Amino acid sequence: MSASQTPPATAVPGDDVPTLLVKIFGKDRPGITAGLFDTLAAYSVDVVDIEQVVTRGRITLCALVTAPSPGGSGSTEGDLRATVHSWAESLNLQAEIISGRGDNRPRGTGRSHVTVLGHPLTAESAAAIAAAITSTGGNIDRIFRLAKYPVTAVEFAVSGAATEALRTVLAPEAAQLGVDVAVVAAGLQRRAQRLVVMDVDSTLIQDEVIELFAAHAGCEAEVAEVTAAAMRGELDFEQSLHARVELLGGLDASVVDTVRKEVRLTPGARTLVRTLKRLGYQVGVVSGGFTQVTDALKEELGLDFASANTLEIVDGKLTGRVTGAIVDRAGKARLLRDFAQQAGVPLAQTVAIGDGANDLDMLNAAGLGVAFNAKPVVREAAHTAVNVPFLDTVLYLLGITRDEVEAADTHVG
């Protein structure tokens, strides 16, 4: 077809065109879908819509087709019904055929993806989330499972309610139920290339790096107390950083290599980064910790960006000071913007992940801010919260399924 030619219009039934909803239920086996449409083909019907799902080996297959034109032997709706029922019975399946007119109702404006993570996901939680969606005027158009482990993750496709309204209603409901709920707007932007930027301490890794250093300086308790207060937002981060680093003065620089070996990645961290990179995402870290550790993580995980504070070392000893600009709460948000500009990714297409009060500006600046096992003040302010100890569950918030992750790992392996 040349560029000047116009493709033929697709036949879409109007509201007055008779249609049949053909529903098939029963034990799944190969050939059911082909068999149904082979049966329908004898009546020269057009396929308007198809939906199929298999749950625990049981198939539900729905086909919306135009009704056969009256006249001619074997072309009546009654004949079609009889033939489909006979075919279904021969395979020990059940069939239901419902007459109607036209296509499905158009989905309402305001479309969102509502992802629910439960460990486990109880019937009570599912009922409460569904009811909360309904209370906003939203309609649940489709539900499917993203993962069955390490958490149960399901996604609701919702229309008819604004994304922010859904977030406002579902956030307190999720907190009360003890499940995690993320609400993101539907659309092409969800599939666009993205930038994911993470905090490091207690997010990408399980540890607080400064506390690892403090353990070697014999001041772990003092440092931990100041760190906790800073993460709760009770202390100015820059002042607390200087106070903690000062306690490390005099440590031999060889402790840096020791601390690097002590760092423990959060469960799921490798899977998260590996999967994002395979999808073409760019990934970075920003940290109120130290480049002596983040640079090593960048190399180990193949990160695109990394920025942190730098411990000053003079004559083979830690001086108890840091050099350069401080990466604090405002600095993390600034670095997110800088990374996005370098990556060529709009800020609306960024995802930020963090746990402490000094991550709040970054979480709020990102298109999607995820509070990961975070302090209460952070959970309340972020777009969404994840409260299970598996970092790769963030993939589900992006619509990536566990099956897709495992298939990619198998293919590469």
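The values are calculated or read from the model by the stated rules, or taken from the named source; none is laboratory data. Values in this document were obtained by computation on a predicted structure and should not be read as measured data. With ideal geometry, Cβ positions are generated from the backbone for all residues, glycine too; neighbour counts draw on all protein chains shown. Quick note on the areas: whole protein, heavy atoms, side chains included, nothing else; ligands and nucleic acids left out. Shrake-Rupley method; radii C 1.70, N 1.55, O 1.52, S 1.80 Å.
Out of all the residues in segment 79-92, is one or more outside any helix (DSSP H, G or I) and either farther than 26 Å from ARG190 by Cα or within 28 Å of the chain's Cα centre (by Cα) (or both)?
yes
Mind listing just one residue for me: the one in segment 369-403 that is at pLDDT below 90 and more than 21 Å from ALA348 (Cβ to Cβ) and, of those, most open to solvent (accessible area, probe 1.4 Å)?
GLU380
For residues in segment 109-119 being closer than 25 Å to LEU188 by Cα and not β-branched (Val, Ile, Thr), which is most open to solvent (accessible area, probe 1.4 Å)? So that I can check it myself, show each step before the final result.
Here is the first cut: in segment 109-119, the residues closer than 25 Å to LEU188 by Cα are 109-117.
From what's left, not β-branched (Val, Ile, Thr): 110-113, 117.
Working: GLY110: 35, ARG111: 107, SER112: 1, HIS113: 36, LEU117: 5 Å².
The extreme case among them is ARG111.
Does VAL223 fit the bill of being open to solvent by less than 10 Å² (accessible area, probe 1.4 Å) and at pLDDT below 95?
Details: open to solvent by less than 10 Å² (accessible area, probe 1.4 Å): yes; at pLDDT below 95: yes.
Considered against the rule, which asks whether it is open to solvent by less than 10 Å² (accessible area, probe 1.4 Å) and at pLDDT below 95, VAL223 comes out as yes.
Does any residue of segment 374-385 turn out to be on the phi > 0 side of the Ramachandran plot and assigned to a loop (DSSP other than H, G, I, E, B)?
no
Of everything in segment 27-45 that's open to solvent by 80 Å² or more (accessible area, probe 1.4 Å) and modelled with pLDDT of 95 or more, which residue is nearest to PRO70 (Cα to Cα)?
ASP38
Determine which member of the set THR122, THR203, THR152, THR163 is surrounded by fewer than 14 Cβ atoms within 10 Å (Cβ to Cβ) and either modelled with pLDDT of 95 or more or under 20 Å from the mean Cα position of the chain (by Cα) (or both).
None of the other options fit; the residue is THR122.
Among the candidates THR60, THR10, which residue alone is surrounded by fewer than 17 Cβ atoms within 10 Å (Cβ to Cβ), modelled with pLDDT of 95 or more and more than 30 Å from VAL386 (Cβ to Cβ)?
After ruling out the rest, the residue left standing is THR60.
Quick check, is ASP304 open to solvent by 60 Å² or more (accessible area, probe 1.4 Å), modelled with pLDDT of 95 or more, touching a Gly at 6+ places or on another chain (Cβ under 7 Å) and among the acidic types (Asp, Glu)?
So ASP304 fails the test.
With respect to the numbered conditions (1) farther than 18 Å from GLN206 by Cβ; (2) open to solvent by 30 Å² or more (accessible area, probe 1.4 Å); (3) outside any helix (DSSP H, G or I), which one is the sole condition not fulfilled by PRO267?
The single condition PRO267 does not satisfy is (1).
Could you grab the pairs with beta carbons closer than 8 Å, sequence gap of 6+ or different chains, first residue in segment 33-59 and within 15 Å of ASP79 (Cα to Cα), second one open to solvent by 50 Å² or more (accessible area, probe 1.4 Å) and modelled with pLDDT under 95?
Pairs found: TYR43/ASP79; SER44/SER69.
Let me confirm something: among ALA243, ALA253, ALA269, ALA230, which residue is free of Cβ contacts under 8 Å to residues at least 40 places away in the same chain and of a type in the set (A, V, I, L, M, F, W, C)?
Values: ALA253 fails: free of Cβ contacts under 8 Å to residues at least 40 places away in the same chain; ALA269 fails: free of Cβ contacts under 8 Å to residues at least 40 places away in the same chain; ALA230 fails: free of Cβ contacts under 8 Å to residues at least 40 places away in the same chain.
Checking each option against the conditions leaves just ALA243.
Looking only at segment 206-220, filter to residues that are free of Cβ contacts under 8 Å to residues at least 40 places away in the same chain and either open to solvent by less than 20 Å² (accessible area, probe 1.4 Å) or among the hydroxyl-bearing types (Ser, Thr, Tyr) (or both); which one of those is nearest to ASP361 (Cα to Cα)?
Ranking the candidates gives ALA214 first.
If you scan segment 98-123, which residues turn out to be touching a residue at least 24 places away in the same chain (Cβ under 8 Å) and over 21 Å from THR393 (Cβ atoms)?
Of everything in segment 98-123, those that are touching a residue at least 24 places away in the same chain (Cβ under 8 Å) and over 21 Å from THR393 (Cβ atoms) turn out to be ILE98, SER99, GLY100, ARG101, GLY102, ASP103, ASN104, ARG107, GLY108, THR109, GLY110, ARG111.
Quick one: what pairs do we get from segment 180-203, first residue closer than 23 Å to ILE133 by Cβ, second in a loop (DSSP other than H, G, I, E, B) and open to solvent by 30 Å² or more (accessible area, probe 1.4 Å), C-beta under 6 Å, 6+ apart or different chains?
Pairs that qualify, where the first residue is closer than 23 Å to ILE133 by Cβ and the partner is in a loop (DSSP other than H, G, I, E, B) and open to solvent by 30 Å² or more (accessible area, probe 1.4 Å), are ASP180/ASN387; ALA186/ARG111.
Under 6 Å between Cβ atoms, which residue pairs at least 6 apart in sequence (or on different chains) link something in segment 374-390 that is under 18 Å from VAL114 (Cα atoms) with a partner that is outside any loop (DSSP other than H, G, I, E, B) and of a type in the set (Ser, Thr, Tyr)?
The qualifying pairs are VAL386/THR393.
If I filter segment 404-413 down to residues being over 13 Å from the mean Cα position of the chain (by Cα) and not acidic (Asp, Glu), which single residue comes out as most open to solvent (accessible area, probe 1.4 Å)?
In this case the residue turns out to be HIS411.
Every residue in segment 317-359 that is touching a Ser or Thr at 6+ places or on another chain (Cβ under 8 Å), touching a residue at least 40 places away in the same chain (Cβ under 8 Å) and not in a helix (DSSP H, G or I), please.
The answer is VAL322, VAL327, ILE353, GLY354, ASP355, GLY356.
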